[in-house]
Amino acid sequence: MGLVLLGFFIIKVNLLGMLHGNFFVTPTAQCMSRGLILFASLAGAILSHLSSAGCTGIIGAGANIGFLTGNMLLSCLTGHWKHALSTFAMIAVMCLTMWFSPIVWRQQFLILCGGIGLLMLPERRPWQIALLIILIGLSMSGLELIYAFYKGNDLHYWEAFCEANGLVKGTTEAVLSTDLTHRLTG
């Protein structure tokens, strides 16, 4: 379902104008921007697959990070630096989420997209910006606390995560990368 949603936004690239700062008028510009975002999404999915040690639940996160990278490149190519900086912040937070709590990456992505989208709207008052930043921070912190208190360090939970995302392997070591196994077992 997530890939279908990404595909929809790749096709309807002007719906993401608040994210990359552009509204493409000509069909050629729309097609070129679609190609850039599609290429970046596929590259992110392939890189995450190659680095995930077989756990397919991470491929969608890589595609999302690639999707955001494509949008950031569009912002950079058209000189919308504020949009590029906000998208870079989203990519950085997504990468940190993938490192510290990869199970909640979907929820973090939704909070980031909604929050950054609201922050990029014009004609905001300073108290609205501050309130949005506080709410985004509290929401993301709450997700991290839920993750920390709910079996975030249980190896069986990681196996269940990979099984739920379509991968069933015989041992935990086949599913988890060596780094992650060391982090979880001490």
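Listing for the model above:
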{"item": "Percent accessible area from carbon and sulfur atoms, region 84-153, protein chains only, probe 1.4 Å", "result": "77 percent"}
{"item": "Estimated distance in nm for a label pair at Ala92 and Leu121, the labels positioned 7 Å out from Cα along Cα-to-Cβ", "result": "2.5 nm"}
{"item": "Region 13-98, relative contact order in percent, only Cα pairs under 8 angstrom and at least six apart counted", "result": "30 percent"}
{"item": "Tail fraction, Cα-Cα pairs, region 1-149, threshold 29 Å, whole percent", "result": "17 percent"}
{"item": "Overall dimensions of region 14-93 as given by Cα atoms, namely Rg and Dmax in Å", "result": "13.2, 42"}
{"item": "Segments 23-31, 91-99, 61-69 sorted - mean Cβ within 10 Å per residue, highest first", "result": "61-69, 91-99, 23-31"}
{"item": "Segment Leu110-Leu42, extension gain: residue separation times 0.36 nm, minus the distance between their alpha carbons", "result": "22.5 nm"}
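The values are calculated or read from the model by the stated rules, or taken from the named source; none is laboratory data. Just so it is clear, the model here is predicted, and its values are computed rather than measured. Don't worry about glycine lacking a Cβ; one is built from the backbone with ideal geometry, like all the others, and counts go over all protein chains shown. Heads up: the accessible areas ignore ligands, DNA and RNA and are worked out on the full protein's heavy atoms, side chains in. Shrake-Rupley method; radii C 1.70, N 1.55, O 1.52, S 1.80 Å.
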